[in-house]
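Take a look at the structure set out below.
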Ligand SMILES: Nc1ncnc2c1ncn2[C@@H]1O[C@H](COP(=O)(O)OP(=O)(O)O)[C@@H](O)[C@H]1O
Ligand SMILES: [Mg+2]
């Protein structure tokens, strides 16, 4: 479904991503882990068109995404969440989710249709009862759910998640894990960047480990966490603990 081919991205002299290749199959739940600064967010920004690659290709359902604008990539069926959540604070939860529907590939043609299209995503993340609240008044865990609902309202076939669990409470982590399982079971392919290894182990079938912009290892969650180089790359440099 998604093919990342010899992808590189430099920022001045810094090679944030070097010659990275990996694939995601339809229906998969892929985890991406790696220390802070490994290039995880950069990969996501490259896939979703927020940054242009220095070289390499990204193909989604057989067609290249390189050169397309973020909204065009969203229309192709790729949704995303952001590591730092940015809801429209003065707008209600429902209006926030409606913005996703209004910008979706099948673009809701009226506010009434967008309101209808927002109902299912809100239900999916468990925010229906808070739909008239201002998004700014939500807890961080709820804002993360809102972010997921807004992304789902764009009707993605592939959903990319950047540290959805960052900074939320233990109870929210359990909640969000259930929400992600629900989204996956609804047929959405998921690529999840996550610093909480236990979450990756519980949810993903396959894990890619990034270090200094390169693929260090790839395998089942169990293979990956037992891999000596993976352990070594984290020695003295623990997995990210903050939503930076
Ligand atoms: N817009 C940017 N300009 C310059 N350097 C950047 C930019 N974005 C990321 N970087 C650098 O690229 C590297 C990878 O960053 P990032 O992808 O955010 O890592 P991660 O998400 O794995 O923590 C880091 O060294 C970071 O400082
Ligand atoms: Mg990041």
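The values are calculated or read from the model by the stated rules, or taken from the named source; none is laboratory data. Just so it is clear, the model here is predicted, and its values are computed rather than measured. Every residue, glycine as well, gets a Cβ built from its backbone with ideal geometry; the counts of neighbours run over all protein chains shown.
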Inset, instruction - Can you tell me which residue among 160, 146 is crowded, with 23+ Cβ neighbours inside 10 Å, closer than 22 Å to residue 29 by Cβ and touching a strand residue (DSSP E or B) at 6+ places or on another chain (Cβ under 9 Å)? - result: 160
Inset, instruction - Of the numbered conditions (1) surrounded by fewer than 17 Cβ atoms within 10 Å (Cβ to Cβ); (2) out of contact with any helix residue (DSSP H, G or I) (no Cβ under 7 Å at 6 or more places or on another chain); (3) at pLDDT 90 or above; (4) over 21 Å from residue 104 (Cα atoms), residue 186 fails exactly one; give the number of that condition. - result: (4)
Inset, instruction - Being surrounded by 14 or more Cβ atoms within 10 Å (Cβ to Cβ) and within 13 Å of ligand 1 (Cβ to nearest atom) is the filter here, so list the residues in the stretch 59-86 that pass it. - result: 82, 83
Legend entry - Single residue of the stretch 23-58 satisfying the filter (under 13 Å from residue 160 (Cβ atoms) and assigned to a strand (DSSP E or B)) that is farthest from ligand 1 (Cβ to nearest atom): 29
